[in-house]
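What follows is a single structure, written as structure tokens, with notes after it.
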Amino acid sequence: MSKPSKHTRPWFQRRGAAWGLGILSVLFVGTWLAGKLLNWPWPDGSDWQAIWTFFTFLIAAVAAAVALAQLSAHHETQREQSRPYVIVDFAFRSVLLMIEVTNIGKTPAHDVRFSWDTEPVGLKPEGTAVLKRKLVDGEIPFLAPGRSIRQFVGRAPDYWTSDAVPKRYEVECTYRDPRGANFGNGERMVLDLAQWNDALADTDYDNKNWNQFKQQTAAQKDIANKVQQVATEIETLRDGIEGLHTGLEALRNPRRRSTLRAHRRRMQ
């Protein structure tokens with residue numbers, strides 16, 4: 001892939017342009033003084049017209065060159081602002097450590113490839129195999145603006161205390177934009193776990209605390225509904241027990257038993 005173009009200032013903004021204009025001014029003034037001292041013949045009207053025509057053309061040419069340089073610089077700035085920009089860094093979700101690939105640019109990135117100084121290693125062999133397959137041997141065909149891909153590495157405390165895994169990586173990420181222009185060559189990124197040591201962990205990632213609160217609220221509502229159902233069933237059971245108690249009392253009392261029989265006949 002081709003290397004990205006270096007950012008250079010337009011010629012009229014460089015120090016050499018100021019020196020050139022100064023030298024021309026000194027030459028002009030020196031020529032005029034030499035003509036005064038040596039009594040050179042002064043040009044007539046037609047000569048002055050030719051001189052002013054030349055200087056008018058020269059000023060117009062300089063103005064056109066400045067306008068073209070400004071237009072080129074504007075196009076270069078627009079190109080840089082609208083390019084894809086892929087970064088690779090460590091990401092944390094509580095105590096979980098991941099390698100995150102993010103396109104922070106304005107346009108999609110195609111055919112994202114990675115070149116590591118040291119291949120990334122996970123705490124477990126299967127994790128290392130996934131990292132090698134996805135971030136070393138493989139590529140990302142398409143990464144939309146603002147989107148990220150995370151690959152799990154392991155628990156951050158275990159990874160930090162392990163002597164079998166590297167704590168620092170350097171990676172170069174190359175890719176192209178939808179028009180086929182190449183980017184990323186020479187843009188080296190450093191993933192250093194030491195800079196995150198003793199840092200605060202994000203415990204509310206992806207609104208985790210809010211989601212847990214919603215789950216707890218839903219569980220409390222479910223418990224309240226179940227308690228209400230139990231209370232209703234207990235009330236029904238109590239009514240049944242009271243009816244059974246009344247029937248037993250009637251069976252023990254002959255007069256009340258005859259009253260119940262008469263009541264049943266009327267009901268029939």
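The values are calculated or read from the model by the stated rules, or taken from the named source; none is laboratory data. The model shown is predicted, which means the values in this text are computed figures rather than measured ones. Note: ideal-geometry Cβ built from the backbone for every residue, glycine included; neighbour counts use all protein chains shown. Calculation scope for accessible area: heavy atoms of the full protein, side chains included, ligands and nucleic acids excluded. Shrake-Rupley method; radii C 1.70, N 1.55, O 1.52, S 1.80 Å.
All conditions in (1) open to solvent by 70 Å² or more (accessible area, probe 1.4 Å); (2) out of contact with any Leu (no Cβ under 9 Å at 6 or more places or on another chain); (3) modelled with pLDDT of 95 or more hold for residue 174, with the sole exception of (1). Would you mention how many residues in the stretch 59-95 are free of Cβ contacts under 8 Å to residues at least 60 places away in the same chain, among the small types (Gly, Ala, Ser) and surrounded by 15 or more Cβ atoms within 10 Å (Cβ to Cβ)? Matching residues across the stretch 59-95 total 2. Could you please let me know if residue 268 is open to solvent by 70 Å² or more (accessible area, probe 1.4 Å) and either modelled with pLDDT of 65 or more or of a type in the set (Ser, Thr, Tyr) (or both)? No: the conditions fail for residue 268. The set of residues in the stretch 122-164 that are within 17 Å of residue 102 (Cα to Cα), charged (D, E, K, R) and in a helix (DSSP H, G or I) contains only 134.
Condition check ((1) open to solvent by less than 50 Å² (accessible area, probe 1.4 Å); (2) of a type in the set (Val, Ile, Thr); (3) modelled with pLDDT of 80 or more) across all residues:
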{"position": "178", "(1), (2), (3)": "no, no, yes"}
{"position": "200", "(1), (2), (3)": "no, no, no"}
{"position": "204", "(1), (2), (3)": "no, no, no"}
{"position": "209", "(1), (2), (3)": "no, no, no"}
{"position": "216", "(1), (2), (3)": "no, no, yes"}
{"position": "229", "(1), (2), (3)": "no, no, yes"}
{"position": "254", "(1), (2), (3)": "no, no, no"}
{"position": "259", "(1), (2), (3)": "no, yes, no"}
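Return yes or no: is residue 233 modelled with pLDDT of 75 or more, open to solvent by less than 80 Å² (accessible area, probe 1.4 Å) and at negative phi? Here the answer is no, as residue 233 does not meet what is asked. From the list 126, 139, the one residue that fits, being of a type in the set (Asp, Glu), over 28 Å from residue 78 (Cβ atoms) and over 15 Å from the mean Cα position of the chain (by Cα), is 126.
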